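*Asks:* Provided herewith is a single structure, encoded as structure tokens, for subsequent inquiry.
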Amino acid sequence: EENAWSIYPNPVKDELTMITNHPFSGKITLTDVAGKQIKLWDFNPSSQEIKLDFHEIVAGIYLLSVLDDAGNFKTYQLIKK
């Protein structure tokens, strides 16, 4: 079953929280609008609440791509303040 995500705050300043209905195990990738990978997080073991550090990310618009170990893929647009 595919995860349903709650992602906040957006715009994000220092820390992004992601909560899902099922424990998540997989990869989360942050890319800029030009497609350049900025950051990659790998989550194993699984968790239902994930906190991502955005302190070192410069202000702008980004795409957050979530790929779980079952092959489910979703992309979210984020704004970094």
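For every residue, the table says whether it meets (1) of a type in the set (S, T, N, Q); (2) in a loop (DSSP other than H, G, I, E, B).
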{"residue": "N3", "(1), (2)": "yes, yes"}
{"residue": "T31", "(1), (2)": "yes, no"}
{"residue": "W41", "(1), (2)": "no, no"}
{"residue": "L52", "(1), (2)": "no, no"}
{"residue": "L67", "(1), (2)": "no, no"}
{"residue": "A70", "(1), (2)": "no, yes"}
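*Asks:* Restricting the stretch 27-49 to residues that are more than 19 Å from Q77 (Cα to Cα) and of a type in the set (G, A, S), which is most open to solvent (accessible area, probe 1.4 Å)?
*Replies:* Once the filter is applied, the top-ranked residue is S46.
*Asks:* Taking interchain pairs and intrachain pairs at least six residues apart, which have beta carbon atoms under 7 angstrom, with the first residue in the stretch 70-81 and within 12 Å of D32 (Cβ to Cβ) and the second surrounded by 14 or more Cβ atoms within 10 Å (Cβ to Cβ) and modelled with pLDDT of 95 or more?
*Replies:* Q77/L63; L78/V12; L78/Y62; L78/L64; K80/V12; K80/F54; K80/I57; K80/Y62
*Asks:* For I61, only one of the following conditions fails: (1) in a strand (DSSP E or B); (2) modelled with pLDDT under 95. What is its number?
*Replies:* Of everything listed in (1) in a strand (DSSP E or B); (2) modelled with pLDDT under 95, I61 misses just condition (2).
*Asks:* Still on this structure: Which one of G35, G26 is on the phi > 0 side of the Ramachandran plot and in a strand (DSSP E or B)? I'd like the intermediate steps shown before the answer.
*Replies:* Numbers: G35 fails: in a strand (DSSP E or B).
Testing whether each residue is on the phi > 0 side of the Ramachandran plot and in a strand (DSSP E or B) leaves just G26.
The values are calculated or read from the model by the stated rules, or taken from the named source; none is laboratory data. All figures in this text were calculated on a predicted structure; none of them were measured in a lab. Don't worry about glycine lacking a Cβ; one is built from the backbone with ideal geometry, like all the others, and counts go over all protein chains shown. In case anyone asks, the SASA skips ligands and DNA or RNA and just uses the protein heavy atoms, side chains included. Shrake-Rupley method; radii C 1.70, N 1.55, O 1.52, S 1.80 Å.
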